[in-house]
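For reference, the structure is listed below as structure tokens.
The values are calculated or read from the model by the stated rules, or taken from the named source; none is laboratory data. These numbers were taken from a predicted model, which means no experiment stands behind them. When we count neighbours, we look across all protein chains shown, and the Cβ atoms used for this are built from the backbone with ideal geometry, even at glycine. Please note that ligands, DNA and RNA were not included when accessible areas were found on the heavy atoms of the full protein model with its side chains. Shrake-Rupley method; radii C 1.70, N 1.55, O 1.52, S 1.80 Å.
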Amino acid sequence: MAKKSPKKAPRAKAKAAAKKPARKVAKKPAKAAARKKAAKPAAKKVVKKAAPKLTAVKKTNGAPKMSTKPFGQDGKALDGVRILDFTHVQSGPTCTQLLAWFGADVIKVERPGVGDITRGQLQDVKGADSLYFTMLNHNKRSITIDSKHPQGKRVLDALIKNCDVLVENFAPGALDRMGLTWEYIHKLNPRMIVASVKGFGPGPYEDCKVYENVAQCTGGSASTTGFLDGPPLVTGAQIGDSGTGLHLALGIVSALYQRNRTGRGQKVLCAMQDGVLNLCRVKLRDQQRLAHGPLKEYSQYGQNIPFGEATPRAGNDSGGGQPGWIIKCKGWETDPNAYIYFITQAPVWGAICDVIGEPTWKTDPEYATPPARLPKLKSIFERIEQWTMTKTKFEAMDILNKYDIPCGPILSLKEIAEDQSLRKTGTVVEVDHPTRGKYLTVGNPIKLSDSISEVTRSPLLGEHTDEILKDVLKFKDSEIAEIKGSGAITPPAKKEDAKAA
Ligand code: COA
């Protein structure tokens, strides 16, 4: 991509330029029609002139011809992009896995003999890479390199020269301690984009190591999650790790796009605190609304519980202006997930009243308007729950959807794993792995119609070391032997074995 990409700058301009004349073309017939009344032949000429203009713009700006291949059969969105993947644990690997699904060649650099620490964490099958690792590292290649060994640095330098993006999520300063400062990388390959996840951005905590829940706590999520009378809570969705990985991926593709125009790489930084805060945007909105009075859509308002200085925990209140709550369904006594999320959206209030058997609430001034209902939300949801408790969550969903009443059954991960529609779309995928056998994973949640993602298994530790040294970095056999002999890509244990032999 490094060599091909300059051609893309004109492509972007051409797209914009091509759009402008297209609009003109649409206008010209109108003008022509006006002229037509006066002089018919003149109008014909205007239309004819407009058409070749479009073709001329495309040619001079080098825009690619539109593919004639069927959608989904003309490569992948990030074909030609090569990633030096120096990530570990969850946040960074989430990002590079997404890039791999979009077609980037992701080369994961791992410490010899050890690899990404998650390979061995939460192991369920003895001797096999854990699901923690396999589910975050699909579609990648693995090379083992001791980045602190001189021969390892030689390989890393070659990788830097041959890749478009370096992605890392080491503790602050670790990359610099390897000698891979921005200045060093930029000098070696001025086109390289260096993308990092850190716990915090510049400031008092910039040197801190951070894991998921630390980010949830410092990014505004924990203080606003949970019930009003309980402690702060972390959520199961990995908004700190996977959420930041997603943010970083967007930063990377944006930087790749800008590089098409500028010809140079740049640093991309995503702090986990910032990523979580971005996802808690509505809570900062509420923080500012507090200065102007109570937050009326929070159920504590209806319960006459005074608001404090900060956005409170809102239990299962709906985040927007439409009150919602989680209520019990048939079977809740034994099934911890026999619940449904129910939203009392104003436009379907009449339908809700009919469904639950309270038709008089449609016109009763105590219930008929959203402001009248706000102080009584608790009792209203209790009445709705009397109805939902007579139905399973799926029966309730079927009935409510007929009336466009927004609701959602609380799906267990077991139910999600068995959901055939998610299998069909490739959001839940079964993958085969040589040491652990078949397992389920979450496929690419972002669907592109012309870049179809296929999920391939995660690499074994160092599985692609030889092919990367040879085919990507073009090292000669003698050089590969020298690097291997140095111990830079061999686990220490094997070095001992070699000595003994
Ligand atoms: N060869 C040689 N050394 C290597 C290596 C390789 N291939 N890969 C990593 N290392 C070294 C690093 O250089 C570092 O050494 P140093 O501290 O002596 O310089 C060491 O391994 C440990 O790296 P570190 O990132 O500190 O790992 P950790 O396990 O101590 O900390 C985190 C893990 C996640 C807390 C930390 O990496 C971090 O805060 N990352 C940024 C935030 C983040 O992404 N958190 C979410 C993780 S899901």
Could we say that residue 127 is modelled with pLDDT under 95, of a type outside the set (Lys, Arg) and more than 12 Å from the ligand (Cβ to nearest atom) here? yes
When both residues are 6+ apart or on different chains and their Cβ atoms are under 9 Å apart, which pairs have a first residue that lies in region 167-183 and is over 20 Å from residue 252 (Cα atoms), and a second that is within 8 Å of the ligand (Cβ to nearest atom) and among the basic types (Lys, Arg)? 177/148; 178/148; 179/148
A careful count of residues in region 426-467 that are more than 17 Å from the chain's Cα centre (by Cα) and closer than 26 Å to residue 79 by Cβ gives 18
Near pairs, Cβ below 6 angstrom, 6+ apart or cross-chain, from region 138-155 (within 23 Å of residue 453 (Cβ to Cβ)) to any residue that is within 11 Å of the ligand (Cβ to nearest atom) and charged (D, E, K, R): 140/108; 142/108; 142/110
Which of the following residues is of a type outside the set (Phe, Trp, Tyr) and open to solvent by less than 10 Å² (accessible area, probe 1.4 Å): 176, 164? 164
Selected residue (criterion: nearest to residue 111 (Cα to Cα)) from residues of region 156-177 that are in contact with a helix residue (DSSP H, G or I) (Cβ under 9 Å, 6 or more places away or on another chain) and within 7 Å of the ligand (Cβ to nearest atom): 170
For region 448-465, which residues satisfy the criterion of being part of a loop (DSSP other than H, G, I, E, B) and within 15 Å of residue 249 (Cβ to Cβ)? 453
Take the conditions on the phi < 0 side of the Ramachandran plot, surrounded by 23 or more Cβ atoms within 10 Å (Cβ to Cβ), at pLDDT 95 or above and among the aromatic types (Phe, Trp, Tyr) and apply them to residue 71. Does it pass? no
Six or more apart or on different chains, Cβ under 7 Å: which pairs go from a residue in region 75-93 that's over 15 Å from residue 249 (Cβ atoms) to one that's away from the ligand (no atom under 16 Å from the Cβ) and of a type outside the set (A, V, I, L, M, F, W, C)? Could you list them? 75/103; 79/103; 80/4; 82/105; 82/162; 82/164
Odd one out for residue 134, checked against (1) touching a Phe, Trp or Tyr at 6+ places or on another chain (Cβ under 7 Å); (2) within 14 Å of the ligand (Cβ to nearest atom); (3) open to solvent by less than 10 Å² (accessible area, probe 1.4 Å): (2)
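Looking at region 375-404, which of the residues that are among the β-branched types (Val, Ile, Thr) and in a helix (DSSP H, G or I) is nearest to residue 331 (Cα to Cα)?
388
Let's see how each residue does on (1) touching a Ser or Thr at 6+ places or on another chain (Cβ under 7 Å); (2) modelled with pLDDT of 95 or more; (3) open to solvent by 40 Å² or more (accessible area, probe 1.4 Å):
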{"position": "40", "(1), (2), (3)": "no, no, yes"}
{"position": "43", "(1), (2), (3)": "no, no, no"}
{"position": "51", "(1), (2), (3)": "no, no, yes"}
{"position": "81", "(1), (2), (3)": "no, yes, no"}
{"position": "89", "(1), (2), (3)": "yes, yes, no"}
{"position": "104", "(1), (2), (3)": "no, yes, no"}
{"position": "107", "(1), (2), (3)": "no, yes, no"}
Helices (runs of 4 or more DSSP H) (entirely within region 263-315) containing at least 1 residues that are touching a strand residue (DSSP E or B) at 6+ places or on another chain (Cβ under 8 Å), at pLDDT 95 or above and over 24 Å from residue 381 (Cα atoms): 272-279
If you go through 190, 232, the only one that is open to solvent by 70 Å² or more (accessible area, probe 1.4 Å) and at pLDDT 95 or above is 232
